[in-house]
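Here is the structure we will look at.
The values are calculated or read from the model by the stated rules, or taken from the named source; none is laboratory data. In this text, all values refer to a predicted model and were calculated from it rather than measured experimentally. Every residue, glycine as well, gets a Cβ built from its backbone with ideal geometry; the counts of neighbours run over all protein chains shown. All accessible areas refer to the heavy atoms of the entire protein, side chains included, with ligands and DNA or RNA removed. Shrake-Rupley method; radii C 1.70, N 1.55, O 1.52, S 1.80 Å.
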Amino acid sequence: MENRKSFPTFGIRDKLGYLFGDFGNDFTFILSTMVLMKFYTDVVGVTPGAVGTIMMVARFVDAFTDVTMGRICDRSRQKKTGKFKPWILKMAVPVAGASFLMYQTFVADFSPVLKIVYLFVTYILWGSVFYTSINIPYGSMASAISSDPGDRQSLSTYRTMGGMLAGAIIGIGLPVIAYEKIEGREVIVGEKVTILAGIFSVLAVVCYLLCYKLVTERVQIEMPKNSVRNNSVSQMLVNSLKNRALVSIIAASVVMLLAQLTMQNMAAYVFPDYYNNATAQSVSTVSMMGGMIVAATLSKPLVRRFGKAEVSAVSNIFAAAVCFAIFILRPQNVWVYIALQSLCWLGLGMFSMVNWALITDVIDYSEIKNGIREDGSVYAIYSFARKLGQALAAGLSGWLLTAIGYNENAAASGEQQTENVLEGIFNISTLVPAVGFALLGIVMWFWYPLHKKQVEENVRILEDKRK
C-alpha cells in the first residue's frame, strides 16, 4: 500500500529523477541505435547483414535475461531505499563500461570471424546482461513511485523527455564531430566515435546516480506470503498470453520500434550517403526534438480529454500518412526532407509521451485479472517484446541494406554508393516507418482494450481494494 505519511509527497524531484534515469539509459541505447551498425560496417568492416543478425540474435537472448530480471525484482525484499532503486546503483558502472567496449577501433585489425565474435560478446554483455539489469528495475519503478494515473503520466512524459535529451546530445554532437570529408564524401572516423562513446558512458553514470538520489519509492504493495514464488514462470507466461492488454501493447511497441529505430538507423545512411550532408543529421535531431517538445506540451491535455489509447492511435495514423507522402514526393532538398520528417516525430511523440504510462495501466489490469501484482515480471515481458522490435529494426535495416547492394568497402574508402543503392536507402527510410506507424495506430484503436473509460474503472477498483 502507499504510505503517504512516511514519504515526501510526489513532486518535481521524482519527475526529474525519473527523467535522469532514461537520460542515462539512452546515452548508451540511442548511441547503439544511431551509430553501432555504421561503426561496424564502415570502420570495422563487417557486412550490414551480419551486424543486423547479431543484434537480432542478441535480443532473443533477452527472452531469458529480461524475464529472469523481472522475477528477481518481484522476489526482492523491500529495502529502505525501495525494491527497484538498489539495482540502479549497482549496475550504473557496468552498463556504461560495457557500452564503451563496443566502440573500439582496434577490432578492425581482427580476422573477419574474430570481429563478429567480439561484436557478439560485447553486445550481449551490454544489452542482455547489464542494460537489462538496470532497465527492468528502472521501468518497473514507475508504478512504485506513485499510484495516481496523473502522476504516472507525468513520469512517462519526463522519461520520454530524458531519452529525448540524450538523443539530442548524441544526435547533434555525433554527426558534427565523428564525420570528416574525404574526397568530397562524408566518412565516419572510428577514433572519434570511441572518444565520444567514453564521454557518453561517463555521463550515463552521472545520470543514474542522480536518478537514485532524487526518486522515492512510496508505493509498497503488501503481497500474500510466497505468492510470487508460488506463481511459476510457466503460469506467468500463460497468464500473459491470455492478457489482451499486455499482448496488444506488446504488438504496438514492436511495430512502433520497427518504425522509430529504422528511421534512426537509416539516418546514418540517408544524410551522409543519399544527401551527402552528415551535418544535416544534427539539424534533423533538433527538428525531432522540436516535434517531441510539441508532443509533450499537447499530450497531457489531450490524454485527459480523449484517453491515452485514443491519442496514440490517431497521432500514429497521421505519422504514417506523412511518411507515405515523403516517399511519394521524394524531396531532393535535404531541408525539405527534414521539415516533413519532423511531422512524423510529432505523431510518434504522442505515443512516446504516454508509452510508459500505458504499461502501468497494463500492470493494474493484470493485477485485477490475475489477483497478483507483478510489476517486474509484466514489465520484463514488455521490455523483452520491445527488444524484439529493436532487433527486428536492426536486422531488417541490415538485411535490406545488404539486399540493395550497400558496399561497406566503398564507404570506408570514401567512394560513392551506386544510384540504385542510394534510392534503396531512401525507400527503406520512408516505407518501413510508414508501415510501422500505420500498424501501430490500428492496434491501439481496435485491439488494445484499455481505453479511457476502462482505465478509470480499473483505478477505482484498485483504490477500493486497498482501502
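Quick notes
- Cα centroid of the stretch 333-347 to Cα centroid of the stretch 75-136, whole Å: 34
- Using a probe of 1.4 Å, the accessible surface attributed to T297 totals some 90 Å² when neighbouring protein chains are kept in position.
- Three-way shape label, the stretch 8-85, alpha-carbon gyration tensor, a/c 1.5: oblate
- Rounded to the nearest whole Hz, the Karplus-based 3J(HN,Hα) values (6.51 cos²θ - 1.76 cosθ + 1.60, θ = phi - 60°) of the stretch 348-364 follow the sequence 5, x, 4, 5, 4, 5, 9, 3, 6, 6, 4, 6, 5, 5, 5, 4, 4, with x at glycine and proline.
- When each of the peptides 318-325, 428-435 is scored by how many other beta carbons lie within 10 Å of its residues on average, the order from highest to lowest is 428-435, 318-325.
- Averaged over its residues, the chain has an accessible area of 38 Å² per residue, based on protein heavy atoms and a 1.4 Å probe.
- Solvent-free Debye scattering, log10 I(q)/I(0), computed from the Cα coordinates of the stretch 369-423 at q = 0.20, 0.21, 0.28 Å⁻¹: -0.79, -0.83, -1.04
- Calculated on C-alpha atoms, the gyration radius of the stretch 47-195 divided by its Kirkwood radius gives an Rg/Rh of 1.04.
- Ellipsoid equivalent to the stretch 136-197 - semi-axes via the Cα gyration tensor, in Å: 39, 12, 6
- Cα gyration tensor shape for the stretch 322-397, rounded if a/c is under 1.5, else prolate or oblate: prolate
- Built amide H within the under 5 Å cut-off of Q78, gap 5+: none
- Checked against a 18 Å cut-off, the cross-linked pairs K79/K213; K242/K453; K308/K452; K15/K387 give Cα-Cα distances beyond that limit for K242/K453; K15/K387.
- The ratio of the alpha-carbon radius of gyration of the stretch 76-125 to the globular-protein estimate 2.2 N^0.38 Å is 1.68.
- Sequence-distant contacts, meaning Cα pairs under 8 Å at least 6 residues apart, place the relative contact order of the chain at 29 percent.
- Relative packing of peptides 183-191, 339-347 - highest average C-beta neighbours within 10 Å first: 339-347, 183-191
- Phi-based couplings in Hz for the stretch 99-115 (Karplus 6.51, -1.76, 1.60; Gly and Pro marked x): 4, 4, 4, 6, 10, 10, 6, 5, 5, 4, 8, 6, 5, x, 5, 5, 4
- Between the stretch 293-320 and the stretch 138-176, the alpha-carbon center distance in angstrom: 17
- For I182, nonlocal amide neighbours, meaning residues 5 or more places apart or on other chains whose placed amide H falls under 5 Å from its own, are V187.
- Ligands, DNA and RNA excluded, the heavy atoms of V51 present near 0 Å² of accessible surface to a 1.4 Å solvent probe.
- The chain - percent of accessible surface contributed by carbon and sulfur, probe 1.4 Å: 66
- Accessible surface ranking that places the most exposed of F84, F110 first, with a 1.4 angstrom probe: F110, F84
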